[in-house]
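First the structure, in the form of structure tokens, and then the observations on it.
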Amino acid sequence: MLLIDLARTSAAVAADSARLAKIRHLAELLGRVGPDEAEIAIAYLSGELPQRQIGVGWRSLSDLPEPRQIATATLGQVDALLERIKAQTGTGSQAARRELLGQLFGAVTRQEQSFLHRLLTGELRQGALDGVMIEAIARAADVPSAEVRRALTLRGSLPAVGAAALRGGVAELKAFHLEVGRAVAPMLAQSAASVTAALEKAGAPAAVEWKLDGVRVQAHRSGDDVAVFTRTLDDITGQVPELVEAVLGLPGTDLVLDGEVLALRPDGRPEPFQVTSGRVASRTGVASLRETVPLTVFFFDALRVGGADLLDLPDQERHAALETAVPAGLITPRLVTADAEEAEAFFGDAVRRGHEGVVVKSLGTPYAAGRRGAGWIKVKPRHTLDLVVLAAEWGSGRRRGWLSNLHLGAYDPETGGFVMLGKTFKGLTDELLTWQTEQFLRIAESPADGPADGPAGNPGDGHVVTLTPTLVVEIAFDGVQRSSRYPGGMALRFARVLRYRPDKRPEEADTVATVRAIML
DNA sequence: TTCCGACAGTGGGGTCGCAAT
DNA sequence: ATTGCGACCCCACTATCGGAA
């Protein structure tokens, strides 16, 4: 199959807003693809690469050669070139990689270049990723989509699952099972504003567990072999020796456990997320790092214990199995209750101890891997501040033509100026985007003209509009982190817009001192 | 007919490892 | 030694479609 076939299908998918139409386009193409190119087609059309990462981003994709007029590149050829590009990573040869990229882009037409560019930067933007592709595979292979979904959960790779479905239908899909050593798509949580609201959604009684601010881990043990995976199924076994040892210390030898790893201070309180994140990401000097920044693991779910797969069991039974396999000290603190007051108190205690909040879990739900089912609902405390809009950036995609991303500042009474604390684009409705764009253009200092029309993904120049600091906006956020990027040495974590405060003048906004007090 | 679950898009801060400067 | 880039850790929120109620 030719790459142009995929580029055309992708364009058709993008052009139709109806999901059923997108599914039809994708299924039609999957019906035509040969067995040896099915995985490539599924990967590309769901926005992934079979190689996963190849060390190419938006920067490497500048200065590309002129396109050809005639489309001849096959999926196999493109895949082979990407494989060679990946092979260049870590060899110190950026030049060789650029040469190969030039070869690739020089061999395809303009439409294919555009498709490849978006694919390689992870911005396919055709309104279809895994969720739509699952339905398309189901339709093309004439199997129930639930079977595709189940297989994806257990295998973690949609191209592999899709190719199997197209090849062997339901029979081949049913052959996928939980394999120790192969990561399962982790179950995700929805969120709620309060524990009481979460309890209502989950149905009482429910389990309430501490939400720890660390890195999600899935630990597999088969005999004396242990492997540890992250949320995106990356293997981090070598970076977390404490966790490996903890799992090897368990009596069971056939285990798959779900949990969170984090750095604790000697007094037992959690380190800031930045510390945990840096430690987990470090691949060098782990032996000495574990002395200075030791990691602790807490498990909260069990997917396999003693040779039995538990995915389809209700939460309560999986947790019972977890308790038989793991000592209490390694299990995330948990309370089962129907009493909202008791649950709220548990939440308050977790937060006072420095943790992120709680996750409320419905006792009856199976391990719904890879979906944000209503089985798990997270609750976190929320801070708010009134801050001043210092600048705004022109949006992209569906936000093109709107001033979207806000630069936020706190008031500094000593200088009469404002100290930038970060940016946000979250919480804005289309109506608010329209309103603020109009307002901003009235108080714009530079440049006041339209959106920069340069090549996409070129941050930092031309698309920032500086504003006279007059508008006050109420911002919600999860916390204040240390920052080397912003002048005040602080940045907001997960900032989002709640509402504008036309009743407040900029000098009445929250001050730098207030923000610093939250950080400490 | 209305409601609501699931998805995709639109970006946020921080850290590490590597290659180029 | 410093800087830029790619990848990945954490993520919130709105609009939309289409099946459920």
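Observations on the model:
- If you go through the range A:240-279 and keep only what is within 11 Å of DNA strand C (Cβ to nearest atom) and assigned to a strand (DSSP E or B), you end up with A:259, A:260, A:261, A:262.
- Qualifying position, being in the same structural domain as residue A:311 (by TED's automatic domain parsing) and either touching a strand residue (DSSP E or B) at 6+ places or on another chain (Cβ under 9 Å) or under 30 Å from residue A:155 (Cβ atoms) (or both), among A:392, A:368: A:368
- Residue within the range A:148-160 that is free of Cβ contacts under 8 Å to residues at least 60 places away in the same chain, more than 21 Å from residue A:10 (Cβ to Cβ) and within 12 Å of DNA strand C (Cβ to nearest atom) present: no
- A count restricted to the range A:486-520 and to residues that are more than 28 Å from residue A:438 (Cα to Cα) and either of a type in the set (Ser, Thr, Tyr) or within 11 Å of DNA strand C (Cβ to nearest atom) (or both) stands at 1.
- Residues satisfying the stated conditions in the range A:283-304, i.e. hydrophobic (A, V, I, L, M, F, W, C) and out of contact with any strand residue (DSSP E or B) (no Cβ under 6 Å at 6 or more places or on another chain): A:286, A:287, A:289
- Residue in the range A:123-131 that is over 25 Å from the mean Cα position of the chain (by Cα) and of a type outside the set (Ser, Thr, Tyr) present: no
- The lone exception for residue A:169 - which of (1) outside the structural domain of residue A:333 (by TED's automatic domain parsing); (2) in contact with a Leu (Cβ under 9 Å, 6 or more places away or on another chain); (3) open to solvent by less than 30 Å² (accessible area, probe 1.4 Å) it fails: (2)
- Here residue A:29 clears all of (1) more than 16 Å from DNA strand C (Cβ to nearest atom); (2) crowded, with 16+ Cβ neighbours inside 10 Å; (3) among the aliphatic types (A, V, I, L, M); (4) not in a helix (DSSP H, G or I) except the condition numbered (4).
- Test result for residue A:299, crowded, with 16+ Cβ neighbours inside 10 Å, within 16 Å of DNA strand C (Cβ to nearest atom) and touching a residue at least 60 places away in the same chain (Cβ under 8 Å): yes
- Those strands (runs of 3 or more DSSP E) lying entirely in the range A:329-391 with at least 3 residues in contact with a Phe, Trp or Tyr (Cβ under 7 Å, 6 or more places away or on another chain): A:357-362
- Selection of first residues in the range A:57-79 that are closer than 23 Å to residue A:43 by Cα and of second residues that are polar (S, T, N, Q) and part of a loop (DSSP other than H, G, I, E, B), restricted to Cβ pairs under 8 Å at least 6 apart or on distinct chains, gives the following pairs, ordered by first then second residue: A:57/A:121; A:58/A:121; A:58/A:458; A:61/A:121.
The values are calculated or read from the model by the stated rules, or taken from the named source; none is laboratory data. Every value quoted in this text rests on a predicted model; they were computed, and no experiment measured them. Cβ coordinates were reconstructed from backbone atoms using ideal geometry, including for glycine residues, and neighbour counts include every protein chain displayed. Just the protein is used for accessible areas: all its heavy atoms, side chains included, with ligands, DNA and RNA removed. Shrake-Rupley method; radii C 1.70, N 1.55, O 1.52, S 1.80 Å.
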